[in-house]
Amino acid sequence: MKTIASRAGAVLAAAIALAFAGTAQAAGPWTVFGNAEPVKEKGDWVVALSSDVNSEDPDAAFGGVDFTPRKELTFSDIKQLSADYKLAAGAFGGGSPRFQINIGDTDGNFVGNVFVYLGTSPNFNDATEGWQKTGNLVRSDDLRVDTSQVGGTFYDDYAGALELVGDAQVLGVQLVVDGGWAVEGGVQTVLVDDVRVNNFKLTGKNFSKQ
């Protein structure tokens, strides 16, 4: 698990830099970065997030959507964190896909991330078929939260994260796919829709209209 976390963290650094730069506009407070594009799925628009380590393009190694708060937001202010998703290529693995919540200090400087992994604990290496719903991960009591970057542990729950950083400032929230390196064939693609942070929602339909 430490190997997975460190490798994911290395890719993550690049992903965060792109996310904050706002490489492509989506809807409202949302931006997209890396290998992300709208695709049609049974007549409806969704967002495809891919990690392709076979590509010569370094941006193809990760893809994600980024939420930037419009006003001050603390970790405890996050009441809804969810998404619909479908595995389209590869499998879950390498700490991906995951939500990552960027924690800042009182001056707005980045401190570390709280990771919330999608899939089935404790290994999060699902190879599911069809569309799945995360449910509201804020209400989850299983050990899918990684607080090791903010003074906690790799296996934590959301309540534990609240104890550590409940009053801390949130600089952004991303849903990231960057685990192509960890799956057979080197390609990991996850379709996402209805990505929610509180009342803010990103759908493939509103992304496709940009």
Residues that are surrounded by fewer than 15 Cβ atoms within 10 Å (Cβ to Cβ) and in a strand (DSSP E or B), drawn from the stretch 105-133: PHE110, LYS133
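Yes/no per residue for (1) of a type outside the set (Lys, Arg); (2) surrounded by fewer than 24 Cβ atoms within 10 Å (Cβ to Cβ); (3) at pLDDT 95 or above; (4) within 18 Å of THR189 (Cβ to Cβ):
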residue	(1), (2), (3), (4)
MET1	yes, yes, no, no
GLY22	yes, yes, no, no
GLN25	yes, yes, no, no
GLY28	yes, yes, no, no
LEU81	yes, yes, yes, no
LYS86	no, yes, yes, yes
PRO97	yes, no, yes, yes
Checklist (1) part of a strand (DSSP E or B); (2) of a type in the set (A, V, I, L, M, F, W, C); (3) at pLDDT 95 or above applied to ALA91, failing item: (1)
Top-ranked residue of the stretch 175-210 - restricted to ones that are of a type in the set (Asp, Glu) and touching a Phe, Trp or Tyr at 6+ places or on another chain (Cβ under 9 Å), ranked as nearest to LEU73 (Cα to Cα): ASP193
Criterion violated by THR128 - all others in (1) over 17 Å from the mean Cα position of the chain (by Cα); (2) under 18 Å from ASP66 (Cβ atoms) satisfied: (2)
Options PHE62, PHE67: the member that is touching an Asp or Glu at 6+ places or on another chain (Cβ under 7 Å) and aromatic (Phe, Trp, Tyr): PHE62
Strands (runs of 3 or more DSSP E) contained entirely in the stretch 164-210, each with at least 2 residues that are within 15 Å of ASP52 (Cβ to Cβ) and modelled with pLDDT of 95 or more: 169-177, 187-197
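The values are calculated or read from the model by the stated rules, or taken from the named source; none is laboratory data. Note that this is a predicted model, so its numbers are computed, not measured. Here Cβ is always computed from backbone atoms with ideal geometry, including for glycine, and neighbour counts include all displayed protein chains.
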